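Engineer: Mind having a look at this structure? Questions to follow.
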Amino acid sequence: MTTPEDNIKIILADWLDALSRHDLDAAERRMAPDVFWQGIREDLVCQNRDEAMEMLREQQREEHGVEALELVATEEKVVLGIRSTQLQEVGGVPLGGQIFQVFTLIDGVIVRVDEYERRGEALVAAGAEGQGDWR
């Protein structure tokens, strides 16, 4: 069984590092063949790794101007919050400069990604409400 710290390391050291280096092969190795990616809108869906990789290839063509990242983990999920002034909308959904992705991992492999407009919704989806709040 993986720990929340293990999951944070996977998303931070493997996933985000691979994307920052534009190493899509490394990112692809972290995803299950049948990964399901639910975008911010109900109709923005990737049904498998091939579709998810195509979406990532399209996104890699753009600079995102990331200003802040937040990672909150449980034993199965990681919430990744991204803040950027360039994140104003996706697919017509206004984001106001931030988006939250919930990664579901099994044995270190990403099996599902769900995107949310609001931090609270993402934390609830990850079973992490109340976690990650600074005191």
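Engineer: Phe103 passes all but one of (1) assigned to a strand (DSSP E or B); (2) among the hydrophobic types (A, V, I, L, M, F, W, C); (3) surrounded by fewer than 17 Cβ atoms within 10 Å (Cβ to Cβ); which number fails?
Structural biologist: Phe103 satisfies every listed condition except (3).
Engineer: Also, quick follow-up: Look through region 38-48, keep the residues that are assigned to a loop (DSSP other than H, G, I, E, B) and hydrophobic (A, V, I, L, M, F, W, C), and return whichever of them is nearest to Ile99 (Cα to Cα).
Structural biologist: Ile40
Engineer: If you go through region 38-47 one residue at a time, do you hit one that is closer than 30 Å to Met1 by Cβ, among the polar types (S, T, N, Q), surrounded by fewer than 14 Cβ atoms within 10 Å (Cβ to Cβ) and out of contact with any Cys (no Cβ under 8 Å at 6 or more places or on another chain)?
Structural biologist: Yes - at least one qualifying residue is present in region 38-47.
Engineer: Filter region 27-37 for residues that are surrounded by 12 or more Cβ atoms within 10 Å (Cβ to Cβ) and part of a strand (DSSP E or B) and give the result.
Structural biologist: Met31, Ala32, Val35, Phe36, Trp37
Engineer: Let me ask something additional. Is at least one residue of region 62-76 of a type in the set (A, V, I, L, M, F, W, C), at pLDDT below 95, under 24 Å from Pro4 (Cα atoms) and not in a strand (DSSP E or B)?
Structural biologist: yes
Engineer: With farther than 15 Å from Phe103 by Cα and not β-branched (Val, Ile, Thr) as the only criterion, which of Glu28, Glu70, Glu51 stands out?
Structural biologist: Details: Glu28 fails: farther than 15 Å from Phe103 by Cα; Glu70 fails: farther than 15 Å from Phe103 by Cα.
From the options Glu28, Glu70, Glu51, the qualifying one is Glu51.
Engineer: Separate question: For Asp114, are the conditions met, namely being exposed (fewer than 12 other Cβ atoms within 10 Å of the Cβ) and charged (D, E, K, R)?
Structural biologist: no
Engineer: Moving on to the next point. Would you mention how many residues in region 49-92 are surrounded by 14 or more Cβ atoms within 10 Å (Cβ to Cβ) and either farther than 22 Å from Leu24 by Cβ or more than 15 Å from the chain's Cα centre (by Cα) (or both)?
Structural biologist: Total meeting the criteria: 10.
Engineer: Also: Can you run down the residue pairs with Cβ atoms below 9 Å, 6 or more apart or on separate chains, where the first is in region 35-52 and within 20 Å of Leu95 (Cα to Cα) and the partner is among the hydroxyl-bearing types (Ser, Thr, Tyr)?
Structural biologist: Ile40/Tyr116
Engineer: With the requirement that a residue be under 23 Å from Glu70 (Cα atoms) and either of a type in the set (A, V, I, L, M, F, W, C) or modelled with pLDDT under 95 (or both), what does region 24-52 give you?
Structural biologist: Answer for region 24-52, where residues must be under 23 Å from Glu70 (Cα atoms) and either of a type in the set (A, V, I, L, M, F, W, C) or modelled with pLDDT under 95 (or both): Leu24, Ala26, Ala27, Met31, Val35, Phe36, Trp37, Ile40, Arg41, Ala52.
The values are calculated or read from the model by the stated rules, or taken from the named source; none is laboratory data. Please read all numbers here as calculations on a predicted model, not as lab measurements. Quick reminder, even Gly has a Cβ in these numbers, built from the backbone with ideal geometry, and neighbours come from all protein chains shown.
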